[in-house]
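Student: My questions will all concern the structure given below.
The values are calculated or read from the model by the stated rules, or taken from the named source; none is laboratory data. Quick caveat, the model's predicted, so the values are computed rather than measured. Glycine also receives a Cβ, built like all others from the backbone with ideal geometry; neighbour counts cover every protein chain displayed. Surface areas here come from the heavy atoms of the whole protein model, side chains and all, with no ligands, DNA or RNA. Shrake-Rupley method; radii C 1.70, N 1.55, O 1.52, S 1.80 Å.
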Amino acid sequence: MADKPVQLNLSKGIFNKKFFPLVFDYSHRWEVYKGSAGSGKSHFISQKLIIKGLNDPGRRMLICRRYGSTVRETVWQLILEQLRFFQIEHLCSINKTERTIELPNGTQFIFFGLDEETKLLSLQNISDVWVEEVFECRRDVVEQLNLRMRGSKSNQQLFLSFNPISAAHWLYDFCEVNPPKNFLYHQSTFRDNAFLPAPYVESLEDLCRTNPV
């Protein structure tokens with residue numbers, strides 16, 4: 001399937017304004033997204049990874065959560081939804097058993113739970129990593145994932161996404177006190193997501209009123 005170019009019909013209007021400047025920005029090794037429910041952060045990361053993968057054949061992108069049992073109903077579905085949105089799902093090789101998706105140009109998405117440590121150690125030539133709901137994970141596991149991004153591919157990146165956390169969580173120190181070098185920290189709320197249905201926005205606004213943080 002490799003080496004089949006696909007040209008996406010992209011327009012600025014398919015992205016939220018808060019995220020659009022980052023679509024083609026690969027200058028940060030760490031891209032960390034903190035956002036409330038409905039902010040669109042995970043939706044955007046899935047868009048960015050697909051676009052990046054289509055623009056650079058042969059990347060190997062690891063997409064993971066703390067537990068393998070949560071992968072299929074979350075990040076797996078997010079990537080599939082975006083492949084359908086871009087109208088290229090039928091051009092991809094999708095292996096539900098192995099939890100892999102290969103784009104027409106040979107770029108691979110590999111889905112794992114971080115509780116599958118033996119399998120993770122065997123992975124080679126990972127070019128990008130996305131850890132969804134990273135607040136579930138230990139810091140040392142995330143730092144090990146950073147070390148697993150090796151190989152010849154340029155613009156290697158590690159994406160982390162999570163909801164707001166307390167100052168006692170390791171992510172607070174990692175993101176706001178002593179971040180690593182080459183680090184982008186993006187913060188958003190549901191108010192930054194122009195694509196939410198009005199009833200859902202109203203429910204979130206009401207929650208902010210009745211249960212302010």
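Table: residues versus (1) in contact with a strand residue (DSSP E or B) (Cβ under 8 Å, 6 or more places away or on another chain); (2) closer than 23 Å to TYR33 by Cβ.
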{"residue": "GLY113", "(1), (2)": "yes, yes"}
{"residue": "LEU121", "(1), (2)": "no, no"}
{"residue": "GLN144", "(1), (2)": "no, yes"}
{"residue": "MET149", "(1), (2)": "yes, yes"}
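Student: In addition: Condition check: of a type outside the set (A, V, I, L, M), open to solvent by less than 70 Å² (accessible area, probe 1.4 Å), under 19 Å from the mean Cα position of the chain (by Cα) and at pLDDT 90 or above. Does GLN187 satisfy that?
Tutor: On the way: of a type outside the set (A, V, I, L, M): yes; open to solvent by less than 70 Å² (accessible area, probe 1.4 Å): no; under 19 Å from the mean Cα position of the chain (by Cα): yes; at pLDDT 90 or above: yes.
Spelling it out, it is not the case that GLN187 is of a type outside the set (A, V, I, L, M), open to solvent by less than 70 Å² (accessible area, probe 1.4 Å), under 19 Å from the mean Cα position of the chain (by Cα) and at pLDDT 90 or above.
Student: Still on this structure, please answer the following. For GLU102, which of the numbered conditions (1) at pLDDT 95 or above; (2) under 21 Å from LYS34 (Cβ atoms) fails to hold?
Tutor: Result: GLU102 passes all but (2).
Student: What number goes with the only condition from (1) aliphatic (A, V, I, L, M); (2) open to solvent by 10 Å² or more (accessible area, probe 1.4 Å); (3) more than 23 Å from PHE195 (Cβ to Cβ) that MET61 does not pass?
Tutor: Answer for MET61: the failing condition is (2).
Student: For the structure I just gave you, tell me whether ASN155 is surrounded by fewer than 18 Cβ atoms within 10 Å (Cβ to Cβ) and at positive phi.
Tutor: Numbers: surrounded by fewer than 18 Cβ atoms within 10 Å (Cβ to Cβ): yes; at positive phi: yes.
Against the criterion (surrounded by fewer than 18 Cβ atoms within 10 Å (Cβ to Cβ) and at positive phi), ASN155 qualifies.
Student: Of all residues in the stretch 74-99, count the ones that are of a type in the set (Asp, Glu), open to solvent by 60 Å² or more (accessible area, probe 1.4 Å) and at pLDDT 95 or above. Spell out how you get there, then give the answer.
Tutor: At the first step, the residues of the stretch 74-99 found to be of a type in the set (Asp, Glu) are 81, 89, 98.
In the following step, the residues that additionally are open to solvent by 60 Å² or more (accessible area, probe 1.4 Å) were identified as 81, 98.
Narrowing further to those that are at pLDDT 95 or above: 81.
Residues meeting the conditions: 1.
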